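What follows is a set of notes on a single structure, which appears directly below.
Read-outs throughout are calculated quantities, based only on the coordinates presented, and are distinct from any laboratory measurement. Remember, predicted model here, so these are calculated numbers, not experimental data. Counting neighbours? That spans all protein chains shown, and the Cβs are built from the backbone with ideal geometry, glycine included.
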Amino acid sequence: MRPSPQKEGLTLAHWDEQALIARLRVRDLEALGELFQHLGGAMSTLARSMLRDPAEADDVVEEALLRIHS
């Protein structure tokens, strides 16, 4: 059973983030999908603003996610 975030003195967002990081550390593929779902848009926006090439930006985001998972 997972500890309650309120009992640990953590916000729900922080608790979920910590759980996601723990799952990523054991190479949970579903966790990688959740990470992309939550941060993929922001990652793409940042990469596109820096690179000004949508295809290259998408490649950079994909590479970053693959590095997280490997």
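The stretch between Q18 and E62 holds 13.6 nm of extra length on full extension. This uses 0.36 nm per residue minus the Cα-Cα distance. Listed values for region 30-35 are Karplus-derived 3J(HN,Hα) couplings in whole Hz (6.51 cos²θ - 1.76 cosθ + 1.60, θ = phi - 60°), namely 5, 5, 4, x, 5, 4, and x replaces Gly and Pro. If a spin label sat at a point 7 angstrom from the Cα of D28 along the line to its beta carbon, the backbone N atoms of region 45-70 nearer than 19 Å would be those of 65-70.
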